[in-house]
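Student: Pasting a structure here, questions to come.
The values are calculated or read from the model by the stated rules, or taken from the named source; none is laboratory data. Treat the numbers as computed from the prediction; the structure is a model and nothing was measured. In this analysis, Cβ positions are derived from the backbone assuming ideal geometry, glycine residues included, and neighbour counts consider all displayed protein chains.
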């Protein structure tokens with residue numbers, strides 16, 4: 001059985017103390033959640049303190065990005081994956097739709113960052129997803145398959161043990177449009193099929209695929225009832241500890 005993952009991406013929100021206080025509130029509210037893994041991704045400046053204050057709890061910490069480089073070098077503004085590990089994080093979100101759309105992330109750089117993450121023993125949450133125009137033109141599956149194959153190029157079956165896939169329907173984030181559970185399930189099943197072709201049937205069966213399209217307390221239970229949806233990558237609803245705890249405690 002694939003253990004569900006509920007991850008909160010805090011994006012560029014929360015000053016240091018706000019992040020710590022939210023993490024502590026959340027830690028108390030999800031202390032009895034044994035049915036899933038809980039992850040929060042604060043900004044870089046809060047990573048260490050949040051990781052320190054949640055150590056020993058069931059709340060894990062992720063970074064929102066990392067460098068493609070695996071050696072310390074003259075790359076101003078970059079953060080190496082081992083630096084992220086050094087401050088207590090265990091996961092890194094890679095290839096988020098906002099990074100792709102606004103900051104020049106490509107399938108090649110996602111692949112390099114994923115390999116850097118794995119190189120240092122961290123777990124990569126690799127994001128894929130199509131835009132509204134790509135979906136309406138009938139190219140949703142082609143786009144997602146291309147992104148997925150690009151991100152995972154050169155990875156082994158054993159590497160896949162530390163890969164989590166997050167499907168983000170970009171068209172359903174902040175657009176007023178909503179993906180139905182059936183639409184989400186269809187793409188999740190497609191992704192699992194691609195993994196079976198490119199990795200192995202066992203790897204595809206074991207890889208957890210998260211849904212990242214405006215997950216809220218009101219829709220999480222219905223989404224989680226679908227066979228191939230193994231959790232959620234939550235944006236805005238993860239910024240409030242109580243709201244996110246309700247999503248974590250969906251059962």
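Student: Any chance region 124-138 includes a residue that's free of Cβ contacts under 8 Å to residues at least 60 places away in the same chain, surrounded by 21 or more Cβ atoms within 10 Å (Cβ to Cβ) and assigned to a strand (DSSP E or B)? First the steps, then the outcome.
Tutor: Within region 124-138, the subset free of Cβ contacts under 8 Å to residues at least 60 places away in the same chain is 124, 126, 130-138.
With surrounded by 21 or more Cβ atoms within 10 Å (Cβ to Cβ) added as a condition, the list becomes 124, 126, 130, 135.
Filter again for assigned to a strand (DSSP E or B), leaving 124, 126.
For region 124-138, residues free of Cβ contacts under 8 Å to residues at least 60 places away in the same chain, surrounded by 21 or more Cβ atoms within 10 Å (Cβ to Cβ) and assigned to a strand (DSSP E or B): present.
Student: Here is a further query. Pick from 34, 106, 22: which is surrounded by 18 or more Cβ atoms within 10 Å (Cβ to Cβ) and closer than 27 Å to residue 211 by Cβ?
Tutor: Details: 34 fails: surrounded by 18 or more Cβ atoms within 10 Å (Cβ to Cβ); 106 fails: surrounded by 18 or more Cβ atoms within 10 Å (Cβ to Cβ).
After ruling out the rest, the residue left standing is 22.
Student: Just to be sure, is residue 144 at pLDDT 95 or above and in contact with a helix residue (DSSP H, G or I) (Cβ under 9 Å, 6 or more places away or on another chain)?
Tutor: So residue 144 fits the description; yes.
Student: Something else now. Would you point out the residue of region 229-251, among those that are at pLDDT 95 or above, touching a strand residue (DSSP E or B) at 6+ places or on another chain (Cβ under 6 Å) and in a loop (DSSP other than H, G, I, E, B), that is farthest from residue 169 (Cα to Cα)?
Tutor: Taking the candidates together, the pick is 230.
Student: A further question on this structure: Mind checking which residues of region 208-222 are out of contact with any helix residue (DSSP H, G or I) (no Cβ under 7 Å at 6 or more places or on another chain), in a loop (DSSP other than H, G, I, E, B) and either at pLDDT below 95 or farther than 15 Å from residue 37 by Cα (or both)?
Tutor: Start the filter on region 208-222 by keeping residues that are out of contact with any helix residue (DSSP H, G or I) (no Cβ under 7 Å at 6 or more places or on another chain), which leaves 208, 210, 212, 218-219, 221.
Subset that is in a loop (DSSP other than H, G, I, E, B): 208, 212, 218-219.
Of everything in region 208-222, those that are out of contact with any helix residue (DSSP H, G or I) (no Cβ under 7 Å at 6 or more places or on another chain), in a loop (DSSP other than H, G, I, E, B) and either at pLDDT below 95 or farther than 15 Å from residue 37 by Cα (or both) turn out to be 212, 218, 219.
Student: Another one. List the number of the failed condition for residue 72; all other conditions in (1) free of Cβ contacts under 8 Å to residues at least 24 places away in the same chain; (2) closer than 27 Å to residue 239 by Cβ hold.
Tutor: Among (1) free of Cβ contacts under 8 Å to residues at least 24 places away in the same chain; (2) closer than 27 Å to residue 239 by Cβ, residue 72 violates only (2).
Student: Then there's this: Just a yes or no: is a residue in region 176-184 within 17 Å of the chain's Cα centre (by Cα) and closer than 19 Å to residue 2 by Cβ? Reasoning before the result, please.
Tutor: Residues of region 176-184 that are within 17 Å of the chain's Cα centre (by Cα), as a first pass: 184.
Now narrow it down to the ones that are closer than 19 Å to residue 2 by Cβ: 184.
Yes: region 176-184 contains one or more residues that are within 17 Å of the chain's Cα centre (by Cα) and closer than 19 Å to residue 2 by Cβ.
Student: Further question on the same structure: Hey, among 62, 51, which residue is at pLDDT 95 or above, surrounded by 20 or more Cβ atoms within 10 Å (Cβ to Cβ) and within 13 Å of the chain's Cα centre (by Cα)?
Tutor: Working: 51 fails: within 13 Å of the chain's Cα centre (by Cα).
After applying the criteria, what remains is 62.
Student: Output yes when any residue across region 196-206 is over 25 Å from residue 227 (Cβ atoms), in a loop (DSSP other than H, G, I, E, B) and more than 17 Å from the chain's Cα centre (by Cα), and no when none is.
Tutor: Residues of region 196-206 that are over 25 Å from residue 227 (Cβ atoms), as a first pass: none.
Taking every residue of region 196-206 in turn, none turns out to be over 25 Å from residue 227 (Cβ atoms), in a loop (DSSP other than H, G, I, E, B) and more than 17 Å from the chain's Cα centre (by Cα).
Student: Please pick out the residue among 184, 116, 196 that is touching a strand residue (DSSP E or B) at 6+ places or on another chain (Cβ under 7 Å) and either touching a residue at least 24 places away in the same chain (Cβ under 8 Å) or farther than 22 Å from residue 47 by Cβ (or both).
Tutor: 184
Student: Any residue that is at pLDDT 95 or above, under 15 Å from residue 248 (Cα atoms) and touching a strand residue (DSSP E or B) at 6+ places or on another chain (Cβ under 8 Å) - is there at least one of those in region 76-93?
Tutor: At the first step, the residues of region 76-93 found to be at pLDDT 95 or above are 76-93.
Now drop any that are not under 15 Å from residue 248 (Cα atoms), which leaves none.
No, region 76-93 has no match at all.
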